[in-house]
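Please read the structure below before turning to the comments.
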Amino acid sequence: LPKYLIAPSILSADFARLGEDVDRVLAAGADVVHFDVMDNHYVPNLTIGPMVCKALRDYGITAPIDVHLMVKPVDSLIPQFAEAGASIITFHPEASEHIDRTLQLIKDHGCQAGLVFNPATSLSYLEHVIDKLDVILLMSVNPGFGGQSFIPHTLEKLRQARKIIDDSGRTIRLEVDGGIKVDNIGAAAEAGADMFVAGSAIFNQPDYKVVIDQMREQLQV
Ligand code: DX5
Ligand code: ZN
């Protein structure tokens, strides 16, 4: 896999033409499909579930699908998303009663597992579970909506998370999600991120390739 992964959030895609739009963004150079699942309970918005993930697979999407669960409770959706073709499943530790069990459940279903940290959630959750993680996702906005502004304090938190990953000696992706644009992706990479979610920055432009190329230029790859 490349050093840096660009993961467009389909929250800002055209839901009425989702398969075509996902094809277009992958053809434009995206690496991963970021799939935002919101339940109107853990976050104040309602989006898409396992049926839509399965529909994308049936349509012929073969790229990794990165399922970001903003739901509470978490566990009952994991087998369904694994069955529906999820590659990575991440969840918020506050939304699970038993974080270690939920991580193990994801792995037992053959997916990569990750924890998501809201802007005010402490990285101390990492202490006892780092051996089970494939991905650490830092939210750079409060979850629930696309199109919000990047919270600058995230850069300091990315540096802390990068140090924790490097000290662990493990191969763990450091993903950042929320308000990522051409003009801040370089700073996020410099702070240690290597996987970048971007929704509105990509899907609100007519030519996805232009934006993705500009982002890669900032990453100098
Ligand atoms: C926010 C979602 C993000 C969001 C990103 O709750 O998790 O993935 O769609 O959208 P932008 O890039 O527009 O901030
Ligand atoms: Zn997300």
Can you tell me which residues in region 184-221 are under 17 Å from R24 (Cβ atoms), within 16 Å of ligand 2 (Cβ to nearest atom) and free of Cβ contacts under 8 Å to residues at least 40 places away in the same chain?
A201
Residue in region 1-19 that is nearest to ligand 1 (Cβ to nearest atom), counting only those that are surrounded by 12 or more Cβ atoms within 10 Å (Cβ to Cβ) and assigned to a helix (DSSP H, G or I)
L11
Expected output for region 162-183 (first residue more than 10 Å from ligand 1 (Cβ to nearest atom), partner among the basic types (K, R), Cβ below 8 Å, 6+ apart or cross-chain) is L174/R162
Within the set of pairs 6 or more residues apart or between chains, which connect a residue that is touching a residue at least 40 places away in the same chain (Cβ under 8 Å) inside region 8-25 to a residue that is within 15 Å of ligand 2 (Cβ to nearest atom) and acidic (D, E) with Cβ atoms less than 9 Å apart?
S9/D36; S9/D177; I10/D36; L11/D36
Keeping to region 130-139, report how many residues are aliphatic (A, V, I, L, M) and either part of a loop (DSSP other than H, G, I, E, B) or at pLDDT below 95 (or both).
1
Condition first: part of a helix (DSSP H, G or I) and under 18 Å from A113 (Cβ atoms). Can you find one or more residues in region 140-158 that meet it?
no
Residues satisfying the stated conditions in region 190-202, i.e. buried (at least 22 other Cβ atoms within 10 Å of the Cβ) and either over 18 Å from P119 (Cβ atoms) or in contact with a Phe, Trp or Tyr (Cβ under 8 Å, 6 or more places away or on another chain) (or both):
M195, F196, A201, I202
Could you grab the pairs with beta carbons closer than 6 Å, sequence gap of 6+ or different chains, first residue in region 56-84 and within 16 Å of ligand 1 (Cβ to nearest atom), second one among the charged types (D, E, K, R)?
H68/D36; V71/D39
Of all residues in region 164-192 being under 18 Å from N142 (Cα atoms) and among the small types (G, A, S), which is nearest to the chain's Cα centre (by Cα)?
G178
Inside region 26-47, the number of residues satisfying the requirement of being within 18 Å of the chain's Cα centre (by Cα), touching a residue at least 60 places away in the same chain (Cβ under 8 Å) and away from ligand 2 (no atom under 16 Å from the Cβ) is 1
How many of the residues in region 190-206 are part of a helix (DSSP H, G or I) and under 12 Å from R159 (Cβ atoms)?
1
Can you name the residue in region 93-145 that is among the hydrophobic types (A, V, I, L, M, F, W, C), crowded, with 19+ Cβ neighbours inside 10 Å and away from ligand 1 (no atom under 16 Å from the Cβ) and, of all such residues, is farthest from H68 (Cα to Cα)?
L126
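The values are calculated or read from the model by the stated rules, or taken from the named source; none is laboratory data. As the structure is a prediction and not an experimental result, all values here were calculated from the model. Please note: Cβ atoms are built from the backbone with ideal geometry, for glycine as well, and neighbour counts cover all protein chains shown.
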